[in-house]
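The next block holds one structure in the form of structure tokens; read it before the comments.
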């Protein structure tokens, strides 16, 4: 399924993964304009509010997801 076909719960999981990916790449602080280098528990809990859907839709536009990709 395409990123635009994900359920809200799946989309939130992708947003959390995206935050972790930014940290792994060393871009977290710059992209989110914060003074720390990795997502906090609060960031992970609020990933749906922190990361706009449009960012995820663009970043994962060419990705094909399966239900096995998710922990739900």
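Hull volume per residue, based on the alpha-carbon atoms of the chain and their convex hull, is 90 Å³. Between the helical axis of 8-24 and the longest alpha-carbon principal axis of the chain there is an angle of about 40 degrees.
No lab work stands behind these numbers, since they all come straight from the coordinates. Please read all numbers here as calculations on a predicted model, not as lab measurements.
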